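Structure record follows, encoded as structure tokens.
The values are calculated or read from the model by the stated rules, or taken from the named source; none is laboratory data. Keep in mind the model is a prediction, meaning the values are calculated, not measured. Don't worry about glycine lacking a Cβ; one is built from the backbone with ideal geometry, like all the others, and counts go over all protein chains shown. Note: accessible area is taken over every heavy atom of the protein model, side chains too, but ligands, DNA and RNA are not part of it. Shrake-Rupley method; radii C 1.70, N 1.55, O 1.52, S 1.80 Å.
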Amino acid sequence: MGNREDLLAGARRCLEEKGYLRTTVRDIASAAQVSMAAIGYHFGSREALLNQALSAAMDEWAASAGRLAGRGDTAAERYADMWDRKIADFGEMRWLWTASVEAFVHAQSSPALLAVLADDQRRSRRMVAAQWRGVPQEEVAEEDVRGLGSVHLALLTGVMVQCLTDPEQAPNGRELAQGLRAMAELLEK
């Protein structure tokens, strides 16, 4: 690996161990075994490097978690299984979710990070809507991106925060499927 790749790998290790806000330039340089000046040369700033490392980690998770179809005979069983797998990821990859929440808070005073996170959300909404509709991303209707994709992303974020805050009381996949079913019934009234 070159310095750039070493820095990305080092930044990821720092995100895993220290989180977004507590990671310093010195931490990253030490983890990557390169000079601190290399961060500025390759990325411009600590923040730009961490933003790229966090975005890459989220993309990696999204690619592995992109399987919307779970196991089960019914759509509700498959949906519940898919959520159970995502909820397990929240526990197993706690560092990623904690770092993303830290980044969101920091983004409120960082236009560059806010732009990265907003772009990631736009891509996620489109990807999820396409997965649900079973069509390529370029064919998904904008109303599905704004509706279906946004609702799923809101659920994902909300369930993730519940799992980080109070894992013992966070919902499971079956409860989420039942809750959505109840909401749909109420909306039909």
**OP:** With everything on Cα atoms, drop me the angle between helix 3-18 and the longest principal axis of the chain, reported from 0 to 90° to the nearest 10.
**Re:** 60
Original post:
To the nearest 0.05, what FRET efficiency results for residue 48 and residue 93 with a Förster distance of 25 Å applied to their C-beta separation?
Top reply: 0.60
Subject >> Length-normalised contact order for the stretch 5-101 - Cα pairs under 8 Å, 6+ apart - percent >> reply: 30
Subject >> Percentage relative contact order, the chain, counting C-alpha pairs under 8 Å, at least six apart >> reply: 21
Original post:
In square angstrom, what is the accessible area per residue of the stretch 1-68 with a 1.4 angstrom probe?
Top reply: 50
Original post:
Over the stretch 94-189, what is the relative contact order in whole percent, taking alpha-carbon pairs under 8 Å and six or more residues apart?
Top reply: 20
**OP:** Could you calculate the contour length gain from residue 188 to residue 164, that is, 0.36 nm times the residue separation minus the distance between their Cα atoms, to one decimal place in nm?
**Re:** 5.4 nm
Original post:
Of 145, 116, which has the most accessible area with a 1.4 Å probe, and how do the rest follow in descending order?
Top reply: 116, 145
**OP:** Check each of the trypsin sites (Lys or Arg not before Pro) in the stretch 20-119 and keep only those in coil by DSSP with at most 16 other C-beta atoms within 10 angstrom; list them in order.
**Re:** 22, 67, 71
Original post:
Shape call for the stretch 80-189 from the C-alpha gyration tensor, a ≥ b ≥ c root eigenvalues: rounded (a/c under 1.5), prolate (a/b greater than b/c) or oblate?
Top reply: oblate
Subject >> With DNA, RNA and ligands ignored, accessible area of residue 119 (1.4 Å probe; Å², nearest 10) >> reply: 70
**OP:** Divide by every residue of the chain the summed helix terms, -39500 (n - 2.57) for each DSSP H run of at least 4, and state the resulting mean residue ellipticity at 222 nm, rounded to the nearest 500 deg cm²/dmol.
**Re:** -24000 deg cm²/dmol
**OP:** Determine the distance separating the Cα centre of the stretch 144-183 from the Cα centre of the stretch 74-100; give it in Å without decimals.
**Re:** 10
Original post:
In nm, what is the difference between 0.36 nm times the number of residues separating residue 76 and residue 118 and their Cα-Cα distance?
Top reply: 12.1 nm
Subject >> Backbone N under 14 Å from the residue 132 label point (7 Å along Cα→Cβ), restricted to the stretch 89-124 >> reply: 124
